[in-house]
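Encoded as structure tokens, the structure appears first; notes follow it.
The values are calculated or read from the model by the stated rules, or taken from the named source; none is laboratory data. None of the values given here were measured: they were computed from a predicted structure. Using ideal geometry, Cβ is built from the backbone for each residue, glycine included, and neighbour counts are taken over all protein chains shown.
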């Protein structure tokens, strides 16, 4: 396969442009890098629109049917988002979800991320939600980009599998969840907080996880049915947001299985 060597190539320019969030949103496309990530995306129902490989690399069978191009090593390295390029990049349409896509059930739970800023935390939350069987994940308008390359690398299979609603107002989604019978549980250290492990998490639960530095907003706290805290047995100030979300989810799983 002929290797492209010019930065004026239209495919080079297109992939390069998708490093920018605004461009990703305009085109509705995101980038998956690495053979494992690409295979995970395809395995979980996403279909590539374009594939690019570094010279000397074959196009995987899973990508048959989409446009495929080859780049010289230097150009491919410029397209890669990792220090050690993995030889393959593919473009996929962004999966979209809305409120009606949330999986329903008597003991369903949803994770609402309010103003989460760190892509690593967001990836941890979505991947854990997938593992724990969450009905879905909601990202408020203040959250970081779901399709940030760091988030995608850690959780592309989960992004493809779990309904992720993006860009909503916290108050709006909380009211809609309440209308569907969800108890809203905010995770915060307040005077009224109860231990997560003493809280009754039966039925439908919506866990709200707040910003890494500022926590949950006062407006959202005022809408909660219950505020829970995870006991800290040392002088540490707080838990990482992704870890806290994971503990809440699995306490819900534990109580559901026990019941």
Taking the residues in the range 115-144 that are farther than 21 Å from residue 215 by Cβ and in contact with a helix residue (DSSP H, G or I) (Cβ under 6 Å, 6 or more places away or on another chain) as candidates, determine which candidate is surrounded by the most Cβ atoms within 10 Å (Cβ to Cβ). 127
Checking residue 56 against (1) surrounded by 15 or more Cβ atoms within 10 Å (Cβ to Cβ); (2) outside the structural domain of residue 245 (by TED's automatic domain parsing); (3) on the phi > 0 side of the Ramachandran plot, which test does it fail? (1)
Please state which of the following conditions residue 104 fails to meet, knowing it meets all the rest: (1) farther than 30 Å from residue 60 by Cα; (2) in contact with a strand residue (DSSP E or B) (Cβ under 7 Å, 6 or more places away or on another chain); (3) not in a strand (DSSP E or B). (2)
Can you name the residue in the range 1-25 that is surrounded by 13 or more Cβ atoms within 10 Å (Cβ to Cβ) and touching a strand residue (DSSP E or B) at 6+ places or on another chain (Cβ under 7 Å) and is also modelled with the lowest pLDDT among such residues? 3
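Any idea which residue in the range 174-200 is modelled with the lowest pLDDT, counting only those that are in a strand (DSSP E or B) and buried (at least 16 other Cβ atoms within 10 Å of the Cβ)?
187
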Of residues in the range 230-246 being crowded, with 17+ Cβ neighbours inside 10 Å and outside any loop (DSSP other than H, G, I, E, B), the one nearest to the chain's Cα centre (by Cα): 242
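When the residues of the range 26-48 are filtered to those that are without any contact (Cβ under 8 Å) to a residue 60 or more places away in the chain and not in a strand (DSSP E or B), which remaining residue is farthest from residue 160 (Cα to Cα)?
Applying the first criterion (without any contact (Cβ under 8 Å) to a residue 60 or more places away in the chain) to the range 26-48 yields 26-27, 35-36, 38-39, 42, 47-48.
Those left that are additionally not in a strand (DSSP E or B): 26-27, 35-36, 38-39, 42, 47.
Values: 26: 20, 27: 18, 35: 16, 36: 14, 38: 11, 39: 12, 42: 9, 47: 10 Å.
Taking the candidates together, the pick is 26.
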Within 26 Å of residue 95 (Cβ to Cβ) and not assigned by TED's automatic domain parsing to the domain that holds residue 37 - does that describe any residue in the range 182-195? yes
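Can we say residue 36 is surrounded by fewer than 16 Cβ atoms within 10 Å (Cβ to Cβ), more than 30 Å from residue 187 (Cβ to Cβ), at pLDDT 90 or above and outside the structural domain of residue 184 (by TED's automatic domain parsing)? Can you show your working first?
Details: surrounded by fewer than 16 Cβ atoms within 10 Å (Cβ to Cβ): yes; more than 30 Å from residue 187 (Cβ to Cβ): yes; at pLDDT 90 or above: yes; outside the structural domain of residue 184 (by TED's automatic domain parsing): yes.
Yes; evaluated as a whole, the condition is true for this residue.
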Filter the range 49-95 down to the residues that are over 20 Å from residue 7 (Cα atoms) and in a helix (DSSP H, G or I), then identify the one that is farthest from the chain's Cα centre (by Cα). 61
Taking the range 212-226 and keeping residues touching a strand residue (DSSP E or B) at 6+ places or on another chain (Cβ under 9 Å) and either under 18 Å from residue 242 (Cα atoms) or part of a loop (DSSP other than H, G, I, E, B) (or both) leaves 215, 216, 217, 224, 225
Applying the selection to the range 215-225, what residues are touching a residue at least 24 places away in the same chain (Cβ under 8 Å) and more than 25 Å from the chain's Cα centre (by Cα)? 225
